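Structure, as structure tokens:
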Amino acid sequence: MKKNKTMIIAFLTPAVILFLGIFLYPIIRTVIMSFFTIEGVTDPMSKWTFSGIDNYVKLFNTSLFRTSFYNLFRIWLIGGLIVMTLSLLFAAILTSGIRFKKFFRAVIYMPNIVSAVALATMWLQYVYSPRFGLLKNFFEALHLDELAKIQWLDNDHKFMALLIAYCFGMVGYHMLIWTSGIERISPEFYEAATIDGANKVQQFRYMTLPLLKGVFKTNLTMWTVSSVGFFVWSQLFSTVTADTQTITPYVYMYMQIFGGGNTVTERNSGLGAAIGVVLSVCVVLVFTVCNKVLKDDDLEF
């Protein structure tokens, strides 16, 4: 027994040290930094100036940060509805026994293996282009001239253009998560339901969806984490860092830490740390609410 304890400690020690050094220490340091005014992110603690909750007060009193947070909420809510609905629909279709399932699954997932830069460039130059874009040609072919004239990258439509492009790249990832959950459901349940006279729609509503509650929590948590880290797409869709249509909290954090944009006259890494803390709290809140609302109760059939 003593030898087993020694072996357990020997194997756990490297993992614990790595966890403390790579994960726990940066988290604690970031939380502490959020209560100080710090010019450079690598400045020693001797150069930090204590400011209490002033960073948080300043954040929520800044209209640009509130705008960025509102944009993030729209990405999370509207984009989440689009991505979760489409990904679940594709997962249900691909697990229904259709032919060439592997081919369609690979096609839908393909945008996830392409870099965000390449994917955004494709949308900007070949889909939304006002001269020869795919949408323009598509609407012209249908003689929908008013829709063909829409300037997707102007200030009125830029956010939706950005959101649609981002959702296009995320559907495949969440589809695989749904698919893994559906494939774990025993075929015997569906066979019994068929014998009892339930059609495909009823089976999906009363059997598949209730059994996917745990998968939905996973999908929603992963979507929240990816939405909170929304940065690259925002930068690619606008040459202006402080563009009110594309700015997100991550972009605003970048501006505060590295002094980017015309609206930031001084760098404050403490303010950037406060943004990170606020976003982390948002993720924890979503995860907590999901666990409270979507409880893994035992189901009976």
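The values are calculated or read from the model by the stated rules, or taken from the named source; none is laboratory data. Values in this document were obtained by computation on a predicted structure and should not be read as measured data. Cβ coordinates were reconstructed from backbone atoms using ideal geometry, including for glycine residues, and neighbour counts include every protein chain displayed. Keep in mind that these areas ignore ligands, DNA and RNA; they rest on the heavy atoms of the full protein, side chains included. Shrake-Rupley method; radii C 1.70, N 1.55, O 1.52, S 1.80 Å.
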Counted residues in the range 100-134 being surrounded by 15 or more Cβ atoms within 10 Å (Cβ to Cβ) and of a type in the set (S, T, N, Q) come to 2
Within the range 244-296, residues of a type in the set (G, A, S) and at pLDDT 85 or above come out as S269, G270, G272, A273, A274, G276, S280
In the range 155-168, residues that are within 16 Å of M110 (Cα to Cα) and open to solvent by 10 Å² or more (accessible area, probe 1.4 Å) total 2
Of the conditions (1) in contact with an Asp or Glu (Cβ under 8 Å, 6 or more places away or on another chain); (2) on the phi > 0 side of the Ramachandran plot, the single one that G197 does not satisfy is (1)
Selection over the range 135-150 where residues are closer than 28 Å to Q235 by Cβ and open to solvent by 90 Å² or more (accessible area, probe 1.4 Å) yields a count of 2
Given (1) assigned to a helix (DSSP H, G or I); (2) within 26 Å of Q235 (Cα to Cα); (3) of a type in the set (G, A, S); (4) over 26 Å from the mean Cα position of the chain (by Cα), A15 misses just (2)
Residue pairs within 7 Å by beta carbon, gap of at least six or interchain, first lying in the range 123-147 and within 18 Å of F168 (Cβ to Cβ) and in contact (Cβ under 8 Å) with a residue 12 or more places away in the chain, second part of a helix (DSSP H, G or I) and of a type in the set (G, A, S), listed first then second, are W123/A165; Y128/A161; K136/A148
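Considering only the range 194-238, state which residues are small (G, A, S), closer than 18 Å to V251 by Cα and open to solvent by 30 Å² or more (accessible area, probe 1.4 Å).
To start, the set of residues in the range 194-238 that are small (G, A, S) comprises 197-198, 214, 226-227, 229, 234, 238.
If we keep only those that are closer than 18 Å to V251 by Cα as well, we get 226-227, 229, 234, 238.
Hits for the range 194-238 are S226, G229.
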Subject >> Yes/no for S34 being closer than 30 Å to F258 by Cβ, at pLDDT 90 or above and open to solvent by 70 Å² or more (accessible area, probe 1.4 Å) >> reply: no
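Assess whether N4 counts as being more than 25 Å from the chain's Cα centre (by Cα), within 25 Å of Q245 (Cα to Cα) and among the polar types (S, T, N, Q). Show your work before the answer.
Details: more than 25 Å from the chain's Cα centre (by Cα): yes; within 25 Å of Q245 (Cα to Cα): no; among the polar types (S, T, N, Q): yes.
Here the answer is no, as N4 does not meet what is asked.
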A careful count of residues in the range 37-68 that are of a type outside the set (D, E) and either free of Cβ contacts under 8 Å to residues at least 60 places away in the same chain or loosely packed, with under 11 Cβ neighbours inside 10 Å (or both) gives 15
